[in-house]
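Undergrad: The structure under discussion is supplied below as structure tokens; questions concerning it will follow.
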Amino acid sequence: MRELFPANQVIGFVASLALTVIALLVYFLDMSFTVGMVVLLLTAFTQAGLQLVVFMHAGESPDSDSIYLNTYYGIFIALAIVFGSLLAMVWGY
Amino acid sequence: MEFFKQFAVPNPTPTIYLSMVAIGLTLIAVLAGITYFKKWGYLWSEWLTTVDHKRIGIMYLISALLMLFRGGVDALMMRAQTSMPGNELLSAAEYNEIFTTHGVVMIFFMAMAFITALMNFVVPLQIGARDVAFPRLNALSFWLYFMGAMLFNLSFVIGGSPSSGWTSYFPLAGNELSPHIGTNYYMIALQIAGLGTLITGINFIVTIFKMRAPGMKLMKMPLFTWSALITNLLITFAFPVLTVALAMGTMDRLFGTHFFTMDNGGMAMLWANFFWVWGHPEVYILVLPAFGIYSEVISTFSKRNLYGYTSMVVSIVVISTLAFLVWVHHFFTMGQGALVNSIFSITTMAIAIPTGIKIFNWLFTMWKGKIQFTVPMLYSLGFIPIFTIGGVTGVMLGIASADYQYHNTMFLVAHFHLVIIPGVVFAMLAGMTYWWPKMFGFMLNERIGKWAFWNIAIGTCLAFFPMFISGLDGQARRMYTYSEVAGFGIWNLLSFFGALGLAMGFILIVFNVYYSARYASRDIGDDPWDARTLEWATRTPVPEYNFAVTPQVDSREPLWDSKYEGKTLFKEEIKDIHMPNNSGQPFIMTIFFFVAGFGLVFSMWPVVYVAAAGIAVLLFIRSFERDDGRHIHAEEVRETENNKRGDTR
Ligand code: HEM
Ligand SMILES: [Cu+2]
């Protein structure tokens, strides 16, 4: 029975619904801009990671190493671009 | 009549009218020729619908050479205009259009196409694969690139070319300062071609990760394949930035948004920021495949294995990461603070370290080798000193405080040409000459090739060294003329002679193709250079399935070891081979892209809607199509192989 019940998938599904609801709350509840943005950023990245691992099976293929490596590289580049641009265009200006 | 006015060129001159006529006549002649020789069927079934990576590679190569010609003519016109003070060959407006076109054509349509040509032809052969991972997407990539290039070139005769530089900085490129549609061509043609590049990037990452011959571990891959892998990784992570920036720019121009405007909260400098977030990785996208080619060529013609393989791989990987951390060095003078400039100054200089490691590895490879001075080797040898000069001046430019002096002068122009020409053009010519026999079944004439090399090498130095001096003396880039008292005349005249030398070199290359096609021996065997890697283990010309039997690899130089160490490459029996079917969809879909692009340039919405619907329909058809490919039967393969063995022509 244990093997037959897709526990991971069900938990993943419920979690992704919950994340969506939390993100929606930013619109319906009255919170400050900063709090709202923090909530959105956190839920968005958790959601993306969840989808990648649970539903897109990133860890289950024989080349999961290169998939994760590519993902980390992508995250690194994205952070460098975002914070580098902020540095050059806003903070360091 | 009103309707046709928008297509008129804003600064018409007799040259432009002449070119219109010439283009029209050439087009008619080509179409008539194809019809007369009844080649439509051949063209359609063998080229327009092909998904074979080798043919796609050859189509990229032909396009790249055509674009090299186009960009080269632009360069000659610019150098002729500036060869004397106060010259009036070109007007200021024409000069602006020409340097913009020159830059865009050379980077996007010549250099990118050239590297993609060689990656397409060589990488699957080098890893022992039968094609790329997604052959039909590969065809789509090519046609997207091709249609983007054609759309951009059309601007010359219909509607007028963009004129705000290949960097197209806002606010200059915005509607207020560039009211003409030229910049729309830039935004949309690059978007279409860039989409093709992005698809290539993904395609080749998957190909290299998933389709290597058994036994070829990552650290056993040939260096050209390594450099292709990292290049495509850079493409996949850098091009989306360009895509987004171009989309925002397009919206500013067509739909009145305010991303890059000076008012209503727009931020014009954000364009420069995005452009270089993509742009600096882009220069490494161009130069890394070149590094790969040099590694292959230098080790083949030094008759020994590459010195420091591991450090070569590590330095490519380090370069690929640093490439994303330096972009601000392109606008040190835009007004950000000293802290920001210092940070990016340091990362910039750090790039010189892995690059230096590579240079030394090549030198050490040659150190104890038996050097053969073939044409590809000459380009590699010429590359080392010239590229080093370009690189060292790059480090000078990377010193932020000093860059206030150099920025936007001819000094910068000298720097980047002296890295890009040896780093891309030399490499591509070396690679083209090196792999030519595999592509076309005969070798290019060495004597004419050497003449071409010397013209190009000396021409490059003569064309660009003087710019260091006139640049330091204060000659600004992108200026169509200068007065005699400035004293730049002599340097620009020398530079013009250099440009003529380069032109002579290219003429010799074209002549060489003609001469060798006509007279060269076809009896060259499969491995005319006595090379080391798998692409030379195929037959010449390469059969469509590449390898009758998948090779088994257990070293970095499998072919060399099978020739001289007695290892067997092909251990299995010939079996049925599974190949992808040809398809006309990519070609047809990109015609819709072309039409949609044209509609967008002129804001002709009905045209855009119809073409977009066409694209959607084709996507829909593709999604529900079943295409399992086809099999070449073992019998047939055996027959082809036997014929090839006996056939020396
Ligand atoms: C040692 C390595 C290098 C260093 C330190 C370096 C540094 C720089 C710097 C600081 C600039 C901006 C200068 C200015 O605008 O005032 C620049 C411009 C440029 N570099 Fe390099 N560079 C290097 C290698 C390369 C390579 C390998 C390529 C191409 C294959 C390249 C292509 C360019 C281009 C195209 C520009 C000019 C872009 C423009 O403004 O139109 N560079 N380089
Ligand atoms: Cu740069």
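Undergrad: For B:T409, what residues show an amide H to amide H distance below 5 Å, using hydrogens built from the backbone and excluding near sequence neighbours?
TA: Counting only residues 5 or more places away or on other chains, the set is B:R477.
Undergrad: Show me the ranking of peptides B:458-471, B:609-622 by mean Cβ neighbours inside 10 Å, starting with the highest.
TA: Details: B:458-471: 21.4, B:609-622: 13.8.
In descending order of packing, they fall as B:458-471, B:609-622.
Undergrad: To continue, here is another question. May I ask for the percentage of alpha-carbon pairs in segment A:26-93 that lie more than 15 Å from each other?
TA: The share of Cα pairs beyond 15 Å in segment A:26-93 comes to 69 percent.
Undergrad: Follow-up. Rank-order B:361-371, A:51-61 by packing density, defined as the average count of other C-beta atoms within 10 Å over each peptide's residues, highest first. Numbers along the way, then the final one.
TA: Details: B:361-371: 15.9, A:51-61: 13.1.
Result, highest mean Cβ count within 10 Å first: B:361-371, A:51-61.
Undergrad: Taking Cα atoms, how many degrees apart are the long axis of helix B:53-82 and the longest axis of chain B, rounded to 10 and kept between 0 and 90?
TA: In chain B, helix B:53-82 runs at an angle near 30 degrees to the longest axis.
Undergrad: May I pose another question? Counting alpha carbon pairs within less than 8 Å and at least 6 residues apart, what relative contact order, in whole percent, applies to segment B:48-145? Walk me through the intermediate numbers first.
TA: On the way: 89 pairs, mean separation 49.1, N = 98.
After rounding, I find 50 percent.
Undergrad: Same structure again: Counting only other chains, and only Cβ atoms inside 10 Å, what mean value do you get across the residues of A:76-87?
TA: Per residue, the number of nearby Cβ atoms from other chains is 5 on average.
Undergrad: Rg and Dmax of segment A:1-56 over Cα atoms: what are they, in angstrom?
TA: 14.0, 47
Undergrad: Hey, for a label at B:I574 modelled as a point 7 Å past Cα toward Cβ, could you say which residues of segment B:520-551 have their backbone N under 16 Å away?
TA: Counting backbone N atoms under 16 Å from the label point, the list is B:538-551.
Undergrad: Percent of alpha carbon pairs in the protein assembly as shown separated by more than 45 Å?
TA: Numbers: 66272 of 274911 pairs.
So the pairs more than 45 Å apart make up 24 percent of the total in the protein assembly as shown.
Undergrad: If you line up the long axis of helix B:375-398 against the longest principal axis of chain B, both from Cα atoms, how many degrees apart are they, to the nearest 10?
TA: Around 40 degrees separate the two axes.
Undergrad: Kirkwood Rh and Cα-based Rg: tell me the resulting Rg over Rh for segment B:573-615, rounded to two decimals. Before the final figure, lay out the partial values.
TA: Numbers: Rg = 17.4 Å, Rh = 12.2 Å.
Taking Rh as the inverse mean 1/r over Cα pairs, Rg/Rh reads 1.43.
Undergrad: Do any of B:K210/B:K368; B:K5/B:K39; B:K303/B:K450; B:K210/B:K571 go past 30 Å between their Cα atoms, and which?
TA: Listed pairs above 30 Å: B:K210/B:K368; B:K5/B:K39.
Undergrad: Could you tell me how many cubic angstrom of Cα convex hull volume segment B:169-253 has per residue?
TA: 89
Undergrad: Continuing with this model, one more query. Based on the mean of other Cβ atoms within 10 Å per residue, sort peptides B:332-342, B:182-192 so the most packed one is first.
TA: Per-residue Cβ counts within 10 Å, averaged per peptide and sorted highest first, yield B:182-192, B:332-342.
Undergrad: Within 10 Å of each Cβ in peptide B:322-331, how many partner chain Cβ atoms are there on average? Round it to a whole number, please.
TA: Other-chain Cβ atoms within 10 Å of each residue's Cβ, averaged: 3.
Undergrad: Right, something else. Starting from the Cα coordinates of chain B, work out the convex hull volume and express it per residue in Å³.
TA: Measuring per residue, one finds 161 Å³ for the Cα hull of chain B.
Undergrad: For helix B:605-624, report the angle its Cα long axis makes with the longest principal axis of the Cα atoms of chain B; keep it between 0 and 90° and round to the nearest 10°.
TA: 20
Bear in mind that the values in this text are calculations on the coordinates, not laboratory data. Predicted model only: the values in this text are computed from it and were never measured. Every residue, glycine among them, receives a Cβ derived from its backbone with ideal geometry; neighbour counts consider all protein chains shown.
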